[in-house]
Each structure stands twice: as C-alpha cells, then as structure tokens.
1. Quick one: net charge around residue 25, please, counting Lys, Arg +1 and Asp, Glu -1 for every other residue with C-beta under 15 Å from its C-beta.
2. Residue by residue, what Karplus-based ³J(HN,Hα) values in Hz, rounded to whole numbers, does segment 56-69 have, using 6.51, -1.76 and 1.60 with θ = phi - 60° and x for Gly and Pro?
Amino acid sequence: FAIKQKLKELERTNKEELIPTMKIKDNRHWIEWVLIIEYIGANEMDGFEMVNRFNFGISFRYDDNKIIATSICFDRKDIENKYKLTGMNSDQYNDLFESFKSDVNSLNFLL
C-alpha cells in the first residue's frame, strides 16, 4: 500500500526517482523502472539498540495499464548496469546510486 502511494506521488510530482532499467530474457527486452527504498529498523541486542539502515530497489513494469512489481534489487551495481543498457548516459540518477547502501546478502521469510 505504501509503495503504491509513493508511485502515485511520483507520478503526480513528476520527480526523477524512478530509474529506467533494461531487462533482457528469452531474446526479448523491455524497460522496467526501479524505485529505491530506504529501510530503517531497530533491533535490541545485549541491552543495546541497534539501528539497521539499508536500501533496496523494487522493479516495476507497465503491463495492460497496470503497474506490476517484478523484483527486489539489493545490488546497486546491478541496477546501474541495467540503467546503462538503456543508453541513457545521464548523471541525473547519480545521487540515488551514490546514496544506495546495502549489505543484505540473504532474506529469510517467516511464514
């Protein structure tokens, strides 16, 4: 729900926060858009509160006039490389790339 609101806000304000990326699969290619999210969470360990702060991207595509989330991106270089494949060699996303911090290397889902 919060991500849907953020996408509507970006569309309304026309901000340059969605990064275009090229996706390639089975001899086909298309553009998807990556929204960078900052996660801030706190854990308590041995009586100390630790703040976890990292970024991740959520990739979206338009399909039949719908916005569909397609992947979660934790690797900044992967997002940058897919952006470069679009042929848009602009510096307008440099701030987003430089502020992207992530040391996430695995996810555990609790069911």
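1. Numbers: positive: 23, 28, 61, 82; negative: 26, 32, 63, 78.
Within the 15 Å Cβ shell, the charges total 0.
2. Calculated HN-Hα couplings, in order: 8, x, 10, 8, 10, 9, 9, 9, 6, 6, 10, 9, 10, 6 Hz.
Every number here is computed from the coordinates shown, using simple stated rules; none is lab data. It should be emphasised that the depicted structure is a prediction, and the values quoted were computed from it without experimental measurement. For neighbour counting, all protein chains shown are included, and Cβ atoms are generated from backbone atoms with ideal geometry for every residue, glycine included.
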